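The values are calculated or read from the model by the stated rules, or taken from the named source; none is laboratory data. Here the structure is a predicted model, which is why all the values come from computation and not from measurement. Cβ coordinates were reconstructed from backbone atoms using ideal geometry, including for glycine residues, and neighbour counts include every protein chain displayed.
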Amino acid sequence: MAASVKSSLRWGVDVSQLGLSETNGTYHAALAWQREHFAPGEPKNISYVERNLWHLDKTDHDWRQQYFAGLPDYLAKYFGHRYETLFKSDSHKGRRRANTFLRRTLGGNVLPRLRKVVARYQTTFRAAGEIPFPFNDDLEKLPTYGRDDIRRLSQEVADFMAASFRDYTERGIKGAADLDMRAITLLAFRHLGQLTLQAGTQPPYWSVFTKGRRPLPTHTAESGLLRMMSPEWWRVRIQRRRDVQREHMAIAVGQVQKSASAYVSRSTLGEWIEQKKRNREFFKAFELENEETGQRVSLYDMVTGSNANPAIRRCELMVRMRGFEDLANEMGCAGEFYTITAPAKYHAVHSAGGFVEHWNGASPRDTQKYLCSVWAKIRAALSREEINVFGFRVVEPHHDGTPHWHLLLFMRPEHVDQVRDIMCYYARLEDSETLQTEKALKARFHVEPIDPTKGSATGYIAKYISKNIDGFALDDETDEETGESLKSMAKSVSAWASRWRIRQFQQIGGAPVTVWRELRRLPGDEQFLVTEDMDNVRFAADVGNWYAYTECQGGAFVKRCDLTVRLAYDITEQGNLYAEDVKRVAGVYSPSVADSQTDTRLVKWKMVPKLAEASAEAGFSGGPAAPWSSVNNCTPPIRRRLAKLLKGRGLSGDEEQISILLRGGKLSIGEGSALHIVDGQLDEVRPSSDNDLWPGWNWHGK
């Protein structure tokens, strides 16, 4: 039985209201489930947790409803379990203890915080023109939705938007016969944009349309319309809204703290681990094929050998940090280690435990925006004083998920005091009246000079880099806030950064790392750039010397316009599904040298499914992929088995269909579904599935 059907039944929806035919197997499964879980006299329209508590104690059911009504099951489950434990703990006083817990903890502390968060995600639903927005109930229950529910909702919203576009352009525009196509396009864009806002989603190009200095180009409005009618575009945004709201509500009720689950909730950590597992399985099921030679390489090996590998990313960060330190020593710069924390109102839980009473309901993302605004003021002040700094910033969470910053910066010795004053002023500016003690002042902003006698500057930040990536070499280290092993908590930190889309590491000053990575693609001993200066930059990147690379690019304080080597891009007009121009890195060039572009993307790859090796056995093996060729070298048993499987699905199973599958294509079977081969097995996929993330897949088998 589908998860969406079971979810509806748990909310008290009767089977007859599901729109299922009595000949449908799902109808009878739902009917049996409802009979099993609903007892005679059991109240309808109550949650799964409330139903369990009703069976535990019917007397206080009506009183309990004020606390549990509307509380999602994934949040109510903990409080329901706690209530049940207290209720059963004492035959005489258990009921009183359980109800006291419900009144004081859930009613007195949790629900007010939860309502504060829920209010931030409520959308004003109104009619746009004469078309009502019909997804109010879905968006209210969105935190409880699973992946299948989100795909279903995304498809329904996209279909509704397409129907609204058609109805509006055909009947909703007054005097349409007197308008040109541009005017009609912009009116339709505004109409669909207003509907999109009702879903709590920012329409594409909306700020340009409403606040831009120039009119929105017609082709851009057309691309925006295509996005707002795309199921995949909606799936990404609905999934994002669900993830953020669900985790924010978990923070509100205290599920994110060191006494429960530090940094992220257990459900979010589980979802992150499961997504990583699905990603690995996906990478192992596909290969990259050279479009010119037909050579194939493992997609999984390419990913694990790239910067997506945490170990490689950590090593690269350490190389860059060490290069900056060597450069600072050569320049005679001083190093400072700063820590900036947000005011108390941004924190949900005290470091010693217990809710912060004056918490403003901020999410980690909100707090990160606040810290970014503080840094923007600091940079502006430094610029006015003509002070240059360079180094790195690391963002990590407190135990309740609230981010704080660590910055390792280098500057000229005569600027040290001035930089401290500027950073201290802006870091402590908001709610400065609350900073009455030395401890409070230090908690908001703290500076520690780099002392070479105690260790290198890189050593100061190495632990923070490792802790926030993979916990390398931190087996015996414990977190000061949670008391847990830093190595074991690295997954939770990564899940936190992924859920809130917070950039953990950022370079400040110096030359861009993107050019460094592109230059390292070039063969070290074979490729020479146009000029000696450009080639010196290439050589420094090739040998992994960040200090030399930065110097050859113009130094630690170089401006982007003065770089020796910059990125070159190719633009493909109308290159994606939404007819938008696609900008891709093509290579590098020097702004000061004409015709200096050198391509770094020397091989054109396309992603193809991994084919199973031919086997004399009937069926498919799960072994390494056989090389593709235009000559069909598959053994007859494989073709016979494919034909049998296709006929079992109501298809003809002819040679054309079999050939499409064997060469890695997808065979359309209607309603957006298709068949293809994954790990030697025939599998069915839909365009809105998580696997449909890669360009170049052909849904027609061509």
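Worth a mention:
- When the residues of segment 282-299 are filtered to those that are over 20 Å from LEU602 (Cα atoms) and part of a helix (DSSP H, G or I), the one that is farthest from the chain's Cα centre (by Cα) is LYS284.
- Number of residues in segment 161-173 that are in a helix (DSSP H, G or I), surrounded by 14 or more Cβ atoms within 10 Å (Cβ to Cβ) and without any contact (Cβ under 8 Å) to a residue 40 or more places away in the chain: the value is 4.
- Filtering segment 191-203 for residues that are closer than 30 Å to LEU486 by Cβ, out of contact with any strand residue (DSSP E or B) (no Cβ under 8 Å at 6 or more places or on another chain) and buried (at least 19 other Cβ atoms within 10 Å of the Cβ) leaves an empty set.
- Test: residue in segment 267-281 that is farther than 30 Å from HIS399 by Cα, assigned to a helix (DSSP H, G or I), touching an Asp or Glu at 6+ places or on another chain (Cβ under 9 Å) and not assigned by TED's automatic domain parsing to the domain that holds ALA163: yes
- Against the conditions (1) part of a loop (DSSP other than H, G, I, E, B); (2) at pLDDT 95 or above, TRP375 satisfies every one except (1).
- Condition met for ASN45 (surrounded by fewer than 20 Cβ atoms within 10 Å (Cβ to Cβ), in contact (Cβ under 8 Å) with a residue 24 or more places away in the chain, in a helix (DSSP H, G or I) and not assigned by TED's automatic domain parsing to the domain that holds VAL349): no
- Tallying residues that are free of Cβ contacts under 8 Å to residues at least 12 places away in the same chain and of a type in the set (Asp, Glu) within segment 576-593 yields 1.
- Tally, over segment 139-155, of residues that are in a helix (DSSP H, G or I) and either in contact with a Leu (Cβ under 7 Å, 6 or more places away or on another chain) or closer than 22 Å to MET229 by Cβ (or both): 11
- Counting only strands (runs of 3 or more DSSP E) that sit completely within segment 383-460, those holding 1 or more residues that are among the small types (Gly, Ala, Ser) correspond to 390-397.
- Scanning segment 555-609 for residues that are among the basic types (Lys, Arg) and surrounded by fewer than 15 Cβ atoms within 10 Å (Cβ to Cβ) gives LYS559, ARG560, LYS583, ARG584, ARG601, LYS604, LYS606.
- One residue stands out in segment 175-196 among those that are modelled with pLDDT under 90 and in a helix (DSSP H, G or I): the one that is farthest from PHE160 (Cα to Cα), namely ASP178.
- Single residue of segment 352-377 satisfying the filter (touching a His at 6+ places or on another chain (Cβ under 7 Å) and of a type outside the set (Gly, Ala, Ser)) that is surrounded by the fewest Cβ atoms within 10 Å (Cβ to Cβ): VAL356
- Residue tally, condition in a loop (DSSP other than H, G, I, E, B), under 30 Å from the mean Cα position of the chain (by Cα) and surrounded by fewer than 22 Cβ atoms within 10 Å (Cβ to Cβ), over segment 325-342: 0
- Set ALA176, ALA188: member being out of contact with any Phe, Trp or Tyr (no Cβ under 7 Å at 6 or more places or on another chain) and either surrounded by 12 or more Cβ atoms within 10 Å (Cβ to Cβ) or within 30 Å of GLU140 (Cβ to Cβ) (or both): ALA176
- Scanning segment 426-434 for any residue that is within 26 Å of LYS345 (Cβ to Cβ), among the small types (Gly, Ala, Ser) and in contact with a strand residue (DSSP E or B) (Cβ under 7 Å, 6 or more places away or on another chain) turns up at least one such residue.
- Of all the criteria given as (1) touching a Gly at 6+ places or on another chain (Cβ under 8 Å); (2) modelled with pLDDT of 95 or more; (3) not polar (S, T, N, Q), the one not satisfied by ALA260 is (2).
- Every pair of residues 6+ apart whose Cβ atoms lie under 8 Å, when the first sits in segment 231-249 and is more than 17 Å from PHE135 (Cα to Cα) and β-branched (Val, Ile, Thr) while the second is modelled with pLDDT of 95 or more and not in a helix (DSSP H, G or I): VAL244/SER363
- For segment 256-270, the candidate set comprises residues that are surrounded by fewer than 20 Cβ atoms within 10 Å (Cβ to Cβ) and not small (Gly, Ala, Ser); within that set, the residue that is farthest from TYR145 (Cα to Cα) is LYS258.
- Filter result for LYS377 (out of contact with any helix residue (DSSP H, G or I) (no Cβ under 8 Å at 6 or more places or on another chain) and under 17 Å from ALA427 (Cα atoms)): no
- Filter result for the condition that a residue is in contact with a helix residue (DSSP H, G or I) (Cβ under 9 Å, 6 or more places away or on another chain) and over 27 Å from VAL244 (Cα atoms), over LYS442, LYS454: LYS454
- Put simply, of ARG147, ARG152, ARG95 the only residue that is touching a residue at least 24 places away in the same chain (Cβ under 8 Å), among the charged types (D, E, K, R) and closer than 26 Å to HIS55 by Cα is ARG95.
- Residue within segment 78-87 that is surrounded by fewer than 17 Cβ atoms within 10 Å (Cβ to Cβ) and farther than 25 Å from GLU357 by Cβ present: yes
- Some residue of segment 222-229 being at pLDDT below 95, in a loop (DSSP other than H, G, I, E, B) and not assigned by TED's automatic domain parsing to the domain that holds GLU357: no
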